[in-house]
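The values are calculated or read from the model by the stated rules, or taken from the named source; none is laboratory data. Remember, it's a predicted structure, so these values are computed and weren't measured experimentally. Ideal geometry is used to build each Cβ from the backbone, glycine not excepted, and the neighbour counts take in all protein chains shown.
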Amino acid sequence: MKDSTTIPFRRRLLFLQRALLFSLIVSLLVPAWADAQERRRRSRPSHASLDLTIDDVGLSFGNSRGVNGLRFNFRDDDLQWVNGLNFTIWKPRWNYDAVINGIAVGIYGPQAGWINGIAVGIGAVEVDVELTGIGVGGLAMVSNGNVRGIAIGGLATVVNHNIEGIGIGGLAAVVNGHISGISTGGLASVTNGNLEGLTVGGLASVTNGDVNGITVGGLAAVSNGSVTGIGLGGLASVANDGVTGLSVGGFASVVGDRLTGISTGGFASVANGSVEGISVGGFASVINRWMTGISVGGLASVINGSVEGVSVGGLASVTNRSMQGVGVGGLATVVNGNMRGIAVGGLATVVNRETTGLAVGGLATVVNRDMLGVSVGGLASVSGRLTGLGVGGLAVVAPWGIDGLAVSGGAVHSLDHIKGLAVAGYLIESDRVEGLFIAGIRTRIYESMTGVSIAGYNRIQGTQRGLTIGLYNRAHVLHGVQIGLLNYAGNNKAPFKWMPIINMNLN
């Protein structure tokens, strides 16, 4: 047989929730059923009493209609008013119209339509319309109307309308209206309306309306509306609408709409709307719309909209639209839209549209459209068009053209053109080049070269205008100078097509 300590935590929590629900049903629903039965068979009450009063002022023993002073009775039935002290032993029968101003005390518990003052019951305190003051029930404190003051129930406090003040339940505090003040339950605090103040639940704090203040749950803090203030959950903080302020979950922080402020989760921070502020997740920060501010994920920062600010992921930073700011990923930074700012990836930086700024990848930087600025890749720098500086350990590749400076230990390649300065350990290759080009092994120019090219083998398959220096220089059409061990100019007449050391055509 398994020891109880091996029971999964979730099963323990489920058992505890069921026990709480059963106790609430027994303490609240059963007396309500019995009261409903009594209402159906109600007969005219007797108001027999011993009254030591003058003009209803004094001392009353029994079921008097009311007194200004002290009143003692075994069981109230159809009480009208007490201004002073009302003491009962058993559960009242029909006090829904009663008004008690002062102190109401009962063994089972007092009941009245209105209580203005202090109500104490070993069993329960029940108010039908409004409590103004303090109500304390050993098992339950129930108000079917409003509470203005303090309501305390040993097991549960239930307010079926609004509370202005403090509601405390040993197991649960349930408010079916709004709260302006404090609500706390040992297991749960549930507010079905709006909260302005503080709500605390040992396991969970649930607000089905908006929160303006602080909501705290030992396991979870849940708001089905918006939060303006602070939401704290030991495992999770959930706001199904927006958050303006701070949302913290030990495991996860989930915001259903816009976050303006700070959201942090030990495992994940998730915002299904936009973020204006800071989102931090121990493993992941996920934002399903745009972000203005900072997003940090221990493993990944994922923004499915655009970014204006900083996105940092221990493994990856992913932005599915445009980014203006800084994106840093331990392994990769991926921007599926435009990038304006700085993108750094430990292994790779990938931008699927245009980039203006700095892009750095430990192995590769890939920009699928125009790159305006600086692109650095440990192995390769790849862009559609490069305007600025491109550095790649093995290659700098820009099929649509390079304007600026390209430096590579291996090759610099463009299908269209290279204008500026290109330096490569092995090969420089393009249709058209203008500027200064230095390659350790060879250059291959398909249409035209204007400027200076230095390589072991300079091959100009089109027209050369300028100077080539190498061991072997070859130009289909030469309008310039070749310096090398062997030079070939296709447009020179024999014997000047092939020349050692120097060849030229200055036409």
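Is it the case that segment 439-455 has a residue that's of a type in the set (Gly, Ala, Ser), surrounded by fewer than 17 Cβ atoms within 10 Å (Cβ to Cβ) and under 16 Å from ALA395 (Cα atoms)?
Yes, because at least one residue in segment 439-455 is of a type in the set (Gly, Ala, Ser), surrounded by fewer than 17 Cβ atoms within 10 Å (Cβ to Cβ) and under 16 Å from ALA395 (Cα atoms).
Among the strands (runs of 3 or more DSSP E) confined wholly to segment 404-462, which include 3 or more residues that are touching a strand residue (DSSP E or B) at 6+ places or on another chain (Cβ under 9 Å) and among the polar types (S, T, N, Q)?
Values: elements: 411-424, 427-439, 442-454.
Passing ranges, in order: 442-454.
Taking the conditions (1) touching a Gly at 6+ places or on another chain (Cβ under 6 Å); (2) modelled with pLDDT of 95 or more; (3) surrounded by 21 or more Cβ atoms within 10 Å (Cβ to Cβ) in turn, LEU131 satisfies each one other than (1). Every condition in (1) surrounded by fewer than 24 Cβ atoms within 10 Å (Cβ to Cβ); (2) in a strand (DSSP E or B); (3) not charged (D, E, K, R) holds for TYR108 except the one numbered (2). GLY330 passes every criterion in (1) of a type outside the set (Ser, Thr, Tyr); (2) under 19 Å from the mean Cα position of the chain (by Cα); (3) surrounded by fewer than 24 Cβ atoms within 10 Å (Cβ to Cβ) apart from (2).
Under the condition of being of a type outside the set (Asp, Glu), buried (at least 18 other Cβ atoms within 10 Å of the Cβ) and not in a strand (DSSP E or B), the residues counted in segment 65-92 number 3. Taking the residues in segment 463-507 that are polar (S, T, N, Q) and part of a loop (DSSP other than H, G, I, E, B) as candidates, determine which candidate is surrounded by the fewest Cβ atoms within 10 Å (Cβ to Cβ). So the residue we want is ASN507. Residues that are out of contact with any strand residue (DSSP E or B) (no Cβ under 6 Å at 6 or more places or on another chain), over 16 Å from ILE168 (Cα atoms) and of a type outside the set (Lys, Arg) within segment 86-134 comprise ILE89, TRP90, TRP94, ILE107, TYR108, listed in sequence order. If you check SER46, SER60 for being within 25 Å of VAL136 (Cβ to Cβ), of a type in the set (S, T, N, Q) and over 57 Å from the mean Cα position of the chain (by Cα), only one passes: SER60.
Of ARG75, ARG71, all but one fail to be touching a strand residue (DSSP E or B) at 6+ places or on another chain (Cβ under 7 Å), farther than 19 Å from ASN116 by Cα, of a type in the set (D, E, K, R) and at pLDDT 90 or above; the exception is ARG75.
Residue under question is ASN160, and the condition is that it be without any contact (Cβ under 8 Å) to a residue 24 or more places away in the chain, out of contact with any Pro (no Cβ under 7 Å at 6 or more places or on another chain) and among the polar types (S, T, N, Q); does it hold?
yes
With respect to being of a type in the set (A, V, I, L, M, F, W, C) and at pLDDT below 90, ALA36 fits the description.
For segment 141-214, no strands (runs of 3 or more DSSP E) sit wholly inside it while including 2 or more residues that are charged (D, E, K, R) and touching a helix residue (DSSP H, G or I) at 6+ places or on another chain (Cβ under 7 Å). With (1) surrounded by fewer than 21 Cβ atoms within 10 Å (Cβ to Cβ); (2) in contact (Cβ under 8 Å) with a residue 24 or more places away in the chain as the list, and GLY145 as the residue in question, which single condition is left unmet? The number of the failed condition is (2). With the requirement that a residue be under 17 Å from ASP241 (Cα atoms) and surrounded by fewer than 20 Cβ atoms within 10 Å (Cβ to Cβ), what does segment 274-288 give you? Correct list: GLU276, ASN288. The set of residues in segment 197-225 that are crowded, with 21+ Cβ neighbours inside 10 Å and either among the polar types (S, T, N, Q) or touching a Pro at 6+ places or on another chain (Cβ under 9 Å) (or both) comprises THR199, SER205, THR207, THR215, SER223.
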